[in-house]
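We did not get these values from a lab; they are worked out from the coordinates using the rules stated. Here the structure is a predicted model, which means the values were calculated and not measured. Neighbour counts run over all protein chains shown; Cβ positions are idealised from the backbone, glycine included.
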């Protein structure tokens with residue numbers, strides 16, 4: 001996934017720049033698509049609404065990535081996106097996408113790869129939703145580590161609990177167990193630093209073997 005970051009930046013001139021405040025819904029699950037977005041600054045969290053009305057945070061979009069690709073060509077948005085802080089987005093209509101692909105044919109491959117990545121994300125959520133919490137935490141922490149390309153993962157315990165759909169108390173206990181084992185360090189600013197990535201991978205690998213899936217290597 002990391003090779004997709006910033007790859008859309010040469011085409012920002014085709015988009016419409018938007019300055020968006022914190023906690024603004026950029027697009028909503030189930031609505032007919034009107035285009036897609038590129039995160040240039042700030043943050044987006046992706047929410048999945050289940051059939052029973054339960055909301056789960058399933059992703060945090062890093063700067064330099066597309067979001068809402070499923071809304072291209074009037075497709076329905078499969079998830080919702082909400083800004084996590086003041087952000088700068090670029091909006092791309094269907095017409096803009098057509099113009100980009102006409103002027104830069106390689107952009108069509110890039111856009112398709114980004115769409116595939118998002119489908120894999122949803123598949124992963126389904127595959128891991130019934131797994132033990134500790135293994136889910138390890139797996140998603142490694143994925144966030146990979147996405148942000150930094151050993152310091154910018155997520156606090158409350159957000160992490162929502163991310164894996166578990167209680168904050170459960171997440172807190174596991175994080176402090178890992179801290180005592182020397183696997184992670186906890187920052188006062190809410191970040192989680194992975195100290196022993198190999199040990200974290202061992203925990204996550206047990207989960208991947210049990211569900212028979214590994215999407216993020």
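When each of 122, 39 is scored by the number of other beta-carbon atoms lying within 10 Å, the sequence from fewest to most is 122, 39. Cβ crowding within 10 Å ranks 145, 176, 139 as 176, 145, 139, fewest other Cβ atoms first. Round to the nearest 10 and give me the degree value, 0 to 90, for the angle of helix 168-180's Cα axis relative to the longest principal axis of the chain. For helix 168-180, the angle is close to 60 degrees. A straight chain from residue 12 to residue 195 at 0.36 nm per residue would run longer than the Cα-Cα distance by 62.2 nm.
Can you put 28, 162 in order, fewest other beta carbons within 10 Å first?
Least crowded to most crowded, the residues run 28, 162.
On C-alpha positions alone, give me the angle between the axis of helix 106-128 and the longest principal axis of the chain, in degrees, nearest 10. Around 30 degrees separate the two axes. For helix 197-211, report the angle its Cα long axis makes with the longest principal axis of the Cα atoms of the chain; keep it between 0 and 90° and round to the nearest 10°. With both axes taken from Cα atoms, the answer is about 80 degrees. Given in Å, the Rg to one decimal and the Dmax to the nearest whole number for the Cα atoms of the chain are 17.7, 55.
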